[in-house]
Amino acid sequence: MRPAHEPAHPLWQTGRMTSLILLPGMACDAGLWRHQQAPLEAAAPGPVVVADVHGRADSLPAMAALLLAEQPGDLLLAGCSLGGMLAMEVARQAPARVRGLALLGTTARPDTPELVTLRTNAIAEFEAGRAEALLRANALFAFHRNHQARLVEDYIAMVLRAGIPSLVRQNRAVMARADSRPTLGRITCPTLVVGGADDLLTPPECSREIAAGIPGAQLQLLPECGHMLTWEQPEAVTRLLLDWLGQLPTAADPQA
C-alpha cells in the first residue's frame, strides 16, 4: 500500500518497494544533485537516496555489490559519469532488480592506455599534496565555457571534500573497470541516456554508443553543456529525469 505522504505513481502498483538511487560522479556528493533531488523526491515512486558507495569500495563491482546489499527492493538508478558506470555494473549484477536507468555524461568504454597514464600521474600529484593545484589546472575542462566562471569553485570545493584517499581510490577503480559495451544489449529496462554536446571528458559519441547498444534507449544531447550536466543545464536535466520517471512501466506492462 502506498504511504499517504507519497505521490501516486504506476510503480506503486507492483506491490514492491522501488527506490530511486542517485549515483554521483567521481569525488562528488549529494551536491551534484542539488537542483534535481527535491523535484525527484516529489515524483518518485518511493524513497530517493543519494548513494555514497563510490567512496566506500575499491572497485566498480564492489561498489555495485555494496549498493545491492544496502538497498532493498527494486531500483531505479540515475548516475552521472562514474555513477553511470556504476549503474551499468549494478544492472549487470542484478538485472531483475533494476527497473530503470538514467545514464548521464558517462561511458561504457574502458580507460585507454593514455587515460590510465594520466590518472596514474594525477594520483601521484594527489598523494604528494598537490590536489588543489591539479584540480585548478584541469577543472575548466569539465564545463562548457559559458558555465565555467560560476561553477568551477563549487566543483573544486566538492572534490576536495571527498578527501585524497577517496579520490585516489575512485581513480584506481575507474582505471581498472571492464568494458561494459558487450553487455549493453542485455539491459531491458527503460533507459535514458543524456550527454553534454560539448563534453570533453565523455564526448557525445560515448552517449550515442550507449544508447545504440541498449534496446529502446532514449538519447538526449544538451547544447552548451560540458561534463557537469546537472549543474550546467539543471532545468533540462530535471525535466528529462521527470519525464523518464513518468514513462516507467505500470504493473500491467510485461516488464512490471
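The values are calculated or read from the model by the stated rules, or taken from the named source; none is laboratory data. Predicted model, so just to flag it, every value in this text is computed and none were measured. Positions of Cβ are generated from backbone atoms using ideal geometry, with glycine treated the same way; all protein chains shown enter the neighbour counts.
In the list Ala217, Ala173, Ala212, which residue meets the criterion of being more than 20 Å from Gln247 (Cα to Cα) and hydrophobic (A, V, I, L, M, F, W, C)? Exactly one of Ala217, Ala173, Ala212 is more than 20 Å from Gln247 (Cα to Cα) and hydrophobic (A, V, I, L, M, F, W, C), namely Ala173. Is it true that some residue in segment 139-149 is touching a strand residue (DSSP E or B) at 6+ places or on another chain (Cβ under 8 Å) and either at pLDDT 95 or above or within 22 Å of Val116 (Cβ to Cβ) (or both)? Yes - at least one qualifying residue is present in segment 139-149. The residues of segment 161-188 that are part of a helix (DSSP H, G or I), over 28 Å from Glu127 (Cα atoms), in contact with a helix residue (DSSP H, G or I) (Cβ under 7 Å, 6 or more places away or on another chain) and not polar (S, T, N, Q), listed by number, are Arg181, Leu184, Gly185, Arg186. For the criterion of being modelled with pLDDT of 95 or more, in contact with a helix residue (DSSP H, G or I) (Cβ under 6 Å, 6 or more places away or on another chain) and under 24 Å from Cys225 (Cα atoms), Met158 passes.
Number of residues in segment 27-39 that are among the aliphatic types (A, V, I, L, M) and surrounded by fewer than 21 Cβ atoms within 10 Å (Cβ to Cβ): the value is 2.
Close contacts from segment 122-141, counting a first residue that is more than 13 Å from Val159 (Cβ to Cβ) and a second that is at pLDDT below 95, with Cβ to Cβ under 7 Å and a gap of 6+ residues or different chains, come to Leu140/Gln148.
Considering Leu101, Leu67, the condition of being hydrophobic (A, V, I, L, M, F, W, C) and in contact with a Ser or Thr (Cβ under 9 Å, 6 or more places away or on another chain) is satisfied by Leu101 alone. Asp111 meets all of the listed conditions (1) surrounded by fewer than 18 Cβ atoms within 10 Å (Cβ to Cβ); (2) among the charged types (D, E, K, R); (3) without any contact (Cβ under 8 Å) to a residue 40 or more places away in the chain but one, namely (3).
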